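One structure is given below, encoded as structure tokens.
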Amino acid sequence: MASIVRLQWIIRSTVGAVVLGAIVAGITLALGVATDVVPAGRSTAVTAGGGAFLLSAIYGVLKAVLLYRSWEYVVRADSLYLRRGVFTHVRTVVPYVRVQHIDTTRSPLERLLGLSTLVVYTAGSRGADVTIPGLTPERASTLQTRLERLAIESEEADAV
């Protein structure tokens, strides 16, 4: 994975922190005006919203750094192996014979940062797809071609 993916995750979490801070500030202001539960005033609302933003932003930055360190994928002879997670550790093995199709996606933020995400769709259950974020477009294309070739080869080997 490209190290710039950390910036993508930090930007995403910061946007979430801004939204959370605004919601907390709005609720605090509304409670202050409507009840005596919270002292009324903009300063109280700004303090509560700012605190929520700060805590959420710190959490997002720490999670992005730790998530980058925990992400691993390995293209094996018979399967794609992924290991990831900060608080919940997830290990996924995708046998090539189960691969249906493979997409690369690029959100506006990913395009701005020069990144792509590879999505591997599998057979068998609803929502059974695996994503590998933070790839350069060239790396995503190369990996897509390689996985496609391995999936086709495994299908021929699995034939009765």
- prompt: Given the structure, is Gly50 surrounded by 13 or more Cβ atoms within 10 Å (Cβ to Cβ), modelled with pLDDT under 90 and over 21 Å from Ser116 (Cβ atoms)?
  reply: no
task: Answer yes or no: is there a residue in the stretch 136-144 that is more than 30 Å from Leu20 (Cα to Cα), free of Cβ contacts under 8 Å to residues at least 60 places away in the same chain and among the acidic types (Asp, Glu).
output: yes
- prompt: Restricting the stretch 145-155 to residues that are in contact (Cβ under 8 Å) with a residue 60 or more places away in the chain and either of a type in the set (S, T, N, Q) or open to solvent by 60 Å² or more (accessible area, probe 1.4 Å) (or both), which is farthest from Val75 (Cα to Cα)?
  reply: Ser154
message: I need a count of the residues in the stretch 4-60 that are among the charged types (D, E, K, R) and over 17 Å from the mean Cα position of the chain (by Cα).
response: 2
- prompt: For the stretch 53-122, list the strands (runs of 3 or more DSSP E) that sit wholly inside it and hold at least 2 residues that are polar (S, T, N, Q) and buried (at least 17 other Cβ atoms within 10 Å of the Cβ); which are they?
  reply: 116-122
- request: Would you please name the residue that is modelled with the lowest pLDDT, looking only at residues in the stretch 124-142 that are surrounded by 11 or more Cβ atoms within 10 Å (Cβ to Cβ) and under 13 Å from Val94 (Cβ atoms)?
  value: Ala128
message: Return the pair list, or none, for Cβ contacts closer than 7 Å from residues in the stretch 84-100 that are closer than 18 Å to Gly134 by Cβ to residues that are outside any helix (DSSP H, G or I) and among the aromatic types (Phe, Trp, Tyr), at least 6 apart or on different chains.
response: Arg84/Trp71
task: Identify the single condition in (1) open to solvent by less than 70 Å² (accessible area, probe 1.4 Å); (2) out of contact with any Ser or Thr (no Cβ under 9 Å at 6 or more places or on another chain); (3) in a helix (DSSP H, G or I); (4) within 24 Å of Leu143 (Cβ to Cβ) that Met1 does not satisfy, given that it satisfies every other one.
output: (3)
message: Cβ-Cβ distance below 9 Å, separation of 6 or more or different chains: which pairs start in the stretch 58-81 with a residue that is of a type in the set (Phe, Trp, Tyr) and end on one that is open to solvent by 40 Å² or more (accessible area, probe 1.4 Å) and assigned to a helix (DSSP H, G or I)?
response: Tyr68/Arg6
field: Residues within the stretch 15-47 that are assigned to a helix (DSSP H, G or I), touching a Gly at 6+ places or on another chain (Cβ under 9 Å) and surrounded by 16 or more Cβ atoms within 10 Å (Cβ to Cβ), tallied
entry: 10
query: Right, Val120: of a type outside the set (S, T, N, Q), under 21 Å from Leu67 (Cβ atoms) and modelled with pLDDT under 95 or not?
result: yes
message: Can you go through Ile102, Ile10, Ile27, Ile58 and tell me which one is at negative phi, touching a strand residue (DSSP E or B) at 6+ places or on another chain (Cβ under 7 Å) and not acidic (Asp, Glu)?
response: Ile102
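The values are calculated or read from the model by the stated rules, or taken from the named source; none is laboratory data. Just so we're clear, the structure is a prediction, and the values are computed from it rather than from any experiment. All Cβ positions, even for glycine, are placed from backbone atoms using ideal geometry, and neighbour counts span all protein chains on display. Quick note on the areas: whole protein, heavy atoms, side chains included, nothing else; ligands and nucleic acids left out. Shrake-Rupley method; radii C 1.70, N 1.55, O 1.52, S 1.80 Å.
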